[in-house]
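Accompanying notes for the structure given below.
The values are calculated or read from the model by the stated rules, or taken from the named source; none is laboratory data. Being a predicted model, the structure only gives us computed values, none of them experimental. Reconstructed Cβ throughout: ideal geometry from the backbone, glycine too, with neighbour counts over all protein chains shown. Ligands, DNA and RNA are stripped out before the accessible areas are found, and what is left, the full protein with its side chains, is counted by its heavy atoms. Shrake-Rupley method; radii C 1.70, N 1.55, O 1.52, S 1.80 Å.
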Amino acid sequence: RQMIIVSACLAGMNTRYDGTNCGHPEIIELVASGKAIPLCPEQLGGLPTPRPAISFVDGDGNELIKETIGVRAIGADGVDYSKNLINGAMETLRIARMFNIKKAIMKEGSPSCGVFRVWVNSRKVEGCGATTALLKKTAIMIEAME
């Protein structure tokens with residue numbers, strides 16, 4: 001049986017930056033039936049919950065993972081959380097490899113999990129989060145969920 005990864009907040013876990021969740025019954029059921037592993041890359045990267053909202057500066061998660069000069073992930077508190085996002089992405093990939101994951105369902109808009117849109121320079125724009133960027137490089141199929 002093929003396991004998938006899901007953003008923990010989609011599974012009803014209070015892991016979002018503001019300590020809430022955006023649980024979806026179908027995702028909660030996947031986890032409850034043992035078909036999905038809920039992960040929060042930001043927590044895996046060492047960030048607490050709740051935590052400051054994070055926006056990219058001068059690029060998205062793809063650019064952050066590539067370590068493009070100038071691209072950073074800055075919290076609403078002015079702190080640079082780039083290393084946390086990169087570490088969380090790498091830890092998520094390590095778990096994905098451990099379970100031979102081929103698919104993930106990620107939270108749209110998140111600086112780690114965003115698939116099509118993320119916050120860059122305080123605007124929601126086309127781009128992806130750091131974890132999604134890293135997983136895409138390994139041919140894991142990614143679906144987005146709000």
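Got a number for carbon plus sulfur as a percent of the chain's accessible area, 1.4 Å probe? Don't jump to the answer; show the numbers that get you there.
Values: 3850 of 7030 Å².
Answer for the chain: carbon and sulfur cover 55 percent of the accessible area.
Between residue 95 and residue 58, the simple spin-label model (points 7 angstrom out along Cα→Cβ) gives 3.2 nm.
Helix content alone sets the calculated 222 nm mean residue ellipticity of the chain: runs of n ≥ 4 DSSP H residues at -39500 (n - 2.57) each, divided across all residues, give -8000 deg cm²/dmol.
Summing Lys and Arg as +1 and Asp and Glu as -1 over all other residues whose Cβ lies under 13 Å from the Cβ of residue 102 gives a net charge of +4. Think of the range 1-63 as having a plus end and a minus end, set by charges on the Cβ of Lys, Arg, Asp and Glu; of 33, 7, 61, 33 sits farthest toward the positive end of this dipole. In a simple Cβ point-charge model (Lys, Arg +1; Asp, Glu -1; nothing else charged), the chain has a dipole of about 460 debye relative to its Cα centre.
Which whole-number percent gives the relative contact order of the chain, counting Cα pairs below 8 Å spaced six or more residues apart?
Numbers: 350 pairs, mean separation 36.1, N = 146.
Relative contact order of the chain: 25 percent.
Which label marks the calculated value of Cα Rg over 2.2 N^0.38 Å, given the options (i) 1.17; (ii) 1.04; (iii) 0.95? The value matching this structure is (iii). How many angstrom lie between the C-alpha centres of the range 1-45 and the range 57-126? Here the two parts' Cα centres lie 17 Å apart.
With the other protein chains left in place, how much accessible area per residue, in square angstrom, belongs to the chain at a 1.4 angstrom probe? Spell out each step's value before the answer.
Values: 7030 Å² over 146 residues.
Solvent-accessible surface per residue comes out at 48 Å².
Between the residues 113, 92, 73, the greatest Cα displacement towards the positive end of the dipole of the chain, with unit charges on the Cβ of Lys, Arg, Asp and Glu, is found for 92.
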